[in-house]
Every structure is written in structure tokens, then in C-alpha cells.
Amino acid sequence: MSTVAPVSLVTGANRGIGRETARQLAVLGHTVLLCARRLEDAERAADDLAGLPGTVLPRRLDVTDPAGVRALARSVEGDFGRLDVLVNNAAINYDTAARAVDVDIEEVHRTLESNLFGAWRMTQAFLPLLHRSAHPRVVNVSSESGSLETMSGGTPAYGISKAALNALTRKFADELRAERILVNAVCPGWIATDMGGPAGGPVDQGAAGAVWAATLPDTGPSGGFFRDGRPLPW
């Protein structure tokens, strides 16, 4: 990375893996835009991360709001003129009790709007700013529940949203390869968060894979699906 502080944006970053990803990037000296649906949540999380080598700045963002996404892109352009790292972390609805045969389709639609279309919308909106970066990276925080090779029944909305996010990762990676933008999907694993429950692993371990993908060298992979820096089956 350049000696100028990289500018990174993390969605859904007021808690859990998103917050820890923001923290780890700030430890590395990045200027981190910590995004949450409510500004007060983003401000609280940013205050908690004060004093790190990098700067953590709170931003309000709902990835399902197209106008809000465009407004944030304009704000980042005005403040920094570029974006170096986009971490699409925001996700909802780990619907373990649901089944595909009778799930409420409107619930699936809401999940896709956040987990798939939110990441799609963000990547499109911030592509002009990523093009201005010397080392642009897009990280889609996915899940092994979206792996077609290991997929089984249950968790329909979440699992299908992550399978679709993986497919989107491949599309963007191939279309942007000539423009040297590395796009990868990462699975944090089962992590102790509000979504994952208390029995999972430490949150710093889950965030480390996203940070790894965010800081890959220019010779690093693109269009892959990884956990702990190791490939996962699609």
C-alpha cells in the first residue's frame, strides 16, 4: 500500500465482525469509514475505537437505500477523492429455523435486498472511486452456508443470499480483472456474534480473513472464496 493512509469503508460495522474488521484496519493505519444504519450506533463504535494508528470515522448507511448509498459515495469523493477498500459486510437474517419449502418469500426478498443487492449496489456506486485507488480491493463477507458443494436444507434466505453473493463476486472479479481491482469473498467461520451466537470462535479470528483480503498484494488472487486465507469450495 502507499505511504498515504488507505481509505477503507466497512458496511454493517457498528458491531461483530464488521466492527472488528474496522478495528483491525485502523490498527494497520487505514482511515476507516465505519458505517451503520443508525448514525448514533456508528458514532458509538467509532468512539470505542479512538486512539488507534488509523482514524475511524462514523458514517450513516443503509445498504438497501439507493439514494443513501449514492449520497455516501458523493461524500467520500468530496472528502478523499478515492476509495481503496470496500468491505461489504452488512447482512441480516440467519434464518436457521426456516425451510425452503414453506419460508415466507417476502422474508427471502428482504434478506436478498440486504445481503446481495446491498453489496451489489455498494460496489457499483463506489467503482468510480475504487478506480482512483492505486491498490483497489473489494471484500464480500460471505459464508460457507452459501457453498453449493456443501449446501443442505434449512437456512434458506441466508444461505441462498450468500450463494448469490459468491456468484456476484465471480462476476465482478472477472469483469474488473483488467482494471486491477481484486474482488474476493471471505467466510469468517462460526464466530461469537449477535448473529452467530455465543458458542462461536473469537471475533478477531473471523475478521482476520476480511482484513487479509483487504490488504492483498497486487499479485494476490481475485474471484476466490476463502476462509483464513485458504480456498473454500464454491
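Couple of notes before you dig in:
- Being within 24 Å of H135 (Cβ to Cβ), touching a helix residue (DSSP H, G or I) at 6+ places or on another chain (Cβ under 6 Å), touching a residue at least 40 places away in the same chain (Cβ under 8 Å) and not basic (K, R) is a property that A90 has.
- Check on M151, aliphatic (A, V, I, L, M), outside any strand (DSSP E or B) and crowded, with 24+ Cβ neighbours inside 10 Å: no
- Total residues in the range 209-232 satisfying the condition of being closer than 11 Å to Q24 by Cβ and surrounded by fewer than 20 Cβ atoms within 10 Å (Cβ to Cβ): the figure is 1.
- Scanning the range 94-143 for residues that are of a type outside the set (A, V, I, L, M, F, W, C), farther than 29 Å from V7 by Cα and touching a helix residue (DSSP H, G or I) at 6+ places or on another chain (Cβ under 7 Å), we see that the one that is surrounded by the fewest Cβ atoms within 10 Å (Cβ to Cβ) is R99.
Conditions (1) at pLDDT 95 or above; (2) surrounded by 20 or more Cβ atoms within 10 Å (Cβ to Cβ), marked per residue:
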| site | (1), (2) |
| --- | --- |
| A157 | yes, yes |
| I160 | yes, yes |
| L165 | yes, yes |
| R170 | yes, no |
| A185 | yes, yes |
| M195 | no, no |
| P202 | no, no |
| Q205 | no, no |
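- When residues of the range 49-74 are limited to those that are without any contact (Cβ under 8 Å) to a residue 12 or more places away in the chain and of a type in the set (D, E, K, R), the one farthest from L28 (Cα to Cα): D65
The values are calculated or read from the model by the stated rules, or taken from the named source; none is laboratory data. Everything quoted here is computed from the prediction, not taken from an experiment. Glycine also receives a Cβ, built like all others from the backbone with ideal geometry; neighbour counts cover every protein chain displayed.
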